[in-house]
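Student: A single structure is presented below for examination.
The values are calculated or read from the model by the stated rules, or taken from the named source; none is laboratory data. Only a predicted model underlies this, so the values are computations on that prediction, with no experimental measurement involved. Using ideal geometry, Cβ is built from the backbone for each residue, glycine included, and neighbour counts are taken over all protein chains shown.
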Amino acid sequence: LVLKIFKKHNVELELNKDSKKLLDYDLVGKLGKKKITVECKYDWLSQKTNNLAIEFYNSNKETASGIDGTKALLWSHVILDKGNPTVWLTSVKKLKQFIKDNKPWKIIEKAGDGNSSLYLYQDIVILDAVFTRIDMLEEKEFTKTVKELLKWELIIHTFASILKPGDEVLVSALE
C-alpha cells in the first residue's frame with residue numbers, strides 16, 4: 001500500500017533487496033536526486049485499541065528493532081479507520097524526538113508473536129503531533145509533505161552532529 005501511494009505520486013520506491021541492509025529499512029528509492037528509505041509498519045489492532053504501537057526491541061534476537069533499529073529516513077504507519085487502511089508518514093528523527101519527549105502510556109514486552117517490545121501511545125495524540133496522513137493527498141501536497149519531512153530529517157541530523165551531549169535541548173526547539 002505504501003509503495004502504491006508513492007508510485008501514484010511519481011516517487012519510485014522498491015522493496016529493499018540488499019541482504020546486508022534488510023533490517024535497516026523496508027523501501028528504498030529516490031525523490032529527485034535524494035535517496036529515500038522508508039520503514040513500514042502495519043498496526044491492525046489500533047482500530048480496536050485506539051493506540052499506536054511503536055516497536056523498539058526484539059527480545060528473541062536481543063537487539064534493537066523498529067524505531068530503535070531502523071536506519072530509514074521516513075516511517076510509515078498503516079492503520080485501519082472503520083476497516084479501511086490509512087497511511088501515515090513522518091520522519092524517523094521526528095518520531096524518535098516525540099518518543100524521547102513523551103512517555104508512552106504503556107510499554108508491552110513480548111507482544112505480537114512474542115518477540116516484540118512496544119511503546120503504546122494514544123493514536124490521536126501521536127498522529128496529531130508527529131504524522132501526516134498521506135493516502136488522501138494530491139500530488140503537489142504529497143511531494144511537499146515528503147520534502148518537508150526529509151528537510152526536518154536533514155536539519156536534525158546536521159544539528160545533532162555538532163551538538164555536545166548537554167546541548168540536546170536545542171534539538172527540541174527546532175520542531
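Student: Please find, among 19, 91, 59, the residue that is in contact with a Leu (Cβ under 9 Å, 6 or more places away or on another chain) and of a type in the set (Ser, Thr, Tyr).
Tutor: Residue meeting the stated conditions: 91.
Student: Here's a follow-up. Restricting attention to region 118-144, which residues are hydroxyl-bearing (Ser, Thr, Tyr), surrounded by fewer than 19 Cβ atoms within 10 Å (Cβ to Cβ) and either closer than 15 Å to residue 50 by Cα or modelled with pLDDT of 95 or more (or both)?
Tutor: Scanning region 118-144 gives a single hit, 132.
Residue-by-condition table, conditions (1) at pLDDT below 95; (2) under 18 Å from residue 47 (Cα atoms); (3) surrounded by fewer than 18 Cβ atoms within 10 Å (Cβ to Cβ):
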position	(1), (2), (3)
77	no, yes, no
81	yes, yes, yes
89	no, yes, no
92	no, no, no
109	yes, no, yes
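Student: Within region 32-55, track down each residue that is surrounded by fewer than 18 Cβ atoms within 10 Å (Cβ to Cβ) and within 25 Å of residue 148 (Cα to Cα).
Tutor: Hits for region 32-55 are 32, 33, 34, 35, 42.
Each row is one residue, and each column tells you yes or no for (1) more than 29 Å from residue 47 (Cβ to Cβ); (2) in contact with a helix residue (DSSP H, G or I) (Cβ under 7 Å, 6 or more places away or on another chain); (3) at pLDDT 95 or above; (4) not in a loop (DSSP other than H, G, I, E, B).
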site: 148; (1), (2), (3), (4): no, no, no, yes
site: 152; (1), (2), (3), (4): no, yes, no, yes
site: 155; (1), (2), (3), (4): yes, no, no, yes
site: 161; (1), (2), (3), (4): yes, no, no, yes
